[in-house]
1. Is one or more of the residues making up segment 220-230 within 17 Å of the chain's Cα centre (by Cα), within 16 Å of ligand 2 (Cβ to nearest atom) and farther than 15 Å from Met258 by Cβ?
2. Say we look at segment 24-52 and pick out the residues that are without any contact (Cβ under 8 Å) to a residue 40 or more places away in the chain and more than 28 Å from Asn202 (Cβ to Cβ); which of these is surrounded by the most Cβ atoms within 10 Å (Cβ to Cβ)?
3. Just to confirm my filter: which helices (runs of 4 or more DSSP H) fall fully inside segment 201-301 and include at least 1 residues that are closer than 27 Å to Gly164 by Cα?
4. If a residue has to be assigned to a helix (DSSP H, G or I) and either within 16 Å of ligand 2 (Cβ to nearest atom) or touching a strand residue (DSSP E or B) at 6+ places or on another chain (Cβ under 9 Å) (or both) to count, how many in segment 53-63 make the cut?
5. State all residues of segment 195-247 that are at pLDDT 95 or above and among the small types (Gly, Ala, Ser); if no residue qualifies, say none.
6. Being in a loop (DSSP other than H, G, I, E, B) and farther than 29 Å from Ala243 by Cβ is the filter here; which residues of segment 129-144 pass it?
7. I'd like the full set of residues that are away from ligand 1 (no atom under 14 Å from the Cβ), outside any helix (DSSP H, G or I) and either surrounded by 19 or more Cβ atoms within 10 Å (Cβ to Cβ) or touching a residue at least 12 places away in the same chain (Cβ under 8 Å) (or both), limited to segment 154-187.
8. May I ask you to list the residues in segment 34-84 that are basic (Lys, Arg) and under 16 Å from the mean Cα position of the chain (by Cα)?
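The values are calculated or read from the model by the stated rules, or taken from the named source; none is laboratory data. Just so it is clear, the structure is predicted and the values come from calculations on it, not from any experiment. A quick note on method: Cβ atoms are made from the backbone with ideal geometry, for glycine too, and the neighbour counts reach across all protein chains shown.
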Amino acid sequence: MTLPLRVKITDVGPRDGLQNEKQPVPAAVKIELVHRLQAAGLKDIEVTSYVSPKWVPQMADNHEVMSGVQRQPGVRYSVLTPNLKGFEAALADRPDEIVVFGAASEAFSQKNINCSIAESIERFAPVVEAARAKGIYVRGAMSCAVGCPYEGEIAPERVGYLAGLMKGIGVQHVGVADTIGVGTPRKVQAAIEATLQHYDLNDVSGHFHDTYGQALANTLAALEMGVWQYDTSVAGLGGCPYAKGATGNVATEDVVYMLQGMGIETGIDLDQLIDAGAYVSEQLGRKTGSRVATALIAKRA
Ligand code: HMG
Ligand code: MG
């Protein structure tokens, strides 16, 4: 067991967290959330996505949000770009990192991005090439790495296959995503193992949704393999519009609390993070999805 001493957290709350909200969330709220996350010490923030506004109306304000953020030096702002059209729109807003997002499951690829896995790779290839030519870092998300809402359980070989395709087109880093949160520790480890056939440990992250309450256990399982990069969502916000019933990523607050308790450095101020989560929860008119935030806010009062 080689636990990392330091963990890098990308807060995906502004994007993954808010993309599925039914009511429009004002751009000003999204911008303020980004500001509060960076004030809490987050150095990596997934801000928005450049996808079709017909498919995901909540992200239609991508330009307004990206251009409204007062950037802090040392913070990396990433955005999702599924095709060249999205990438070209994103370019104007100077992202530090872009994310192409594919799936280990054919059915999910079709539902989410309207094409097969093979077609998605063809679409991503010119995006990856153009981004790298401009010095923009390229991350790939691998959805349904453990289970798919349409196909059920996904074998690790299919994750390995997708990771190989991503590597082949020059994607620099891949995230192993449990889109619907069905994974359990050994299955998540198998998906990561398959990914490590193609990517270095330093180029792999975990992206675990918490639908079945397994995400913290899955994070620990990945930590035990030495994985030190995770996507998490402040207040546990979120879910994917093409994965019915799936809830948000594991709450950033919960992961930070666990890591602090284990003596693993994150650079994040838990108190300020809790304030950021309380802010967005209040704006959305709901209780936080973070157990740690719930407990610590109760203790404050
Ligand atoms: P398509 O319909 O196949 O695309 O959609 P198309 O090229 O045929 O174009 C159709 C229309 O969309 C055209 O407009 C295009 O201009 C427009 P029209 O002529 O009909 O008015 N269009 C675009 N508009 C804005 N931005 C673009 C863009 N591309 C085309 N980039 C597409 C393909 C990928 C665009 C579509 O399927 C889509 O937007 N899907 C949304 C996918 C999405 O955002 N899903 C959620 C994020 S992924 C996720 O949450 C998972 C993750 O968290 C990891 C995990 O947990 O698993 C990352
Ligand atoms: Mg996700």
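1. yes
2. Among residues in segment 24-52 that are without any contact (Cβ under 8 Å) to a residue 40 or more places away in the chain and more than 28 Å from Asn202 (Cβ to Cβ), the one surrounded by the most Cβ atoms within 10 Å (Cβ to Cβ) is Lys30.
3. Of the helices (runs of 4 or more DSSP H) lying wholly inside segment 201-301, those with at least 1 residues that are closer than 27 Å to Gly164 by Cα span 215-224.
4. Residues meeting the conditions: 4.
5. Ser205, Gly206, Gly213, Ala215, Ala217, Ala221, Ala222, Gly226, Ser233, Ala235, Gly236
6. Answer for segment 129-144, where residues must be in a loop (DSSP other than H, G, I, E, B) and farther than 29 Å from Ala243 by Cβ: Lys134, Gly135.
7. Ile169, Gly170, Gln172, Thr184
8. Across segment 34-84, the qualifying residues are Lys43, Arg76.
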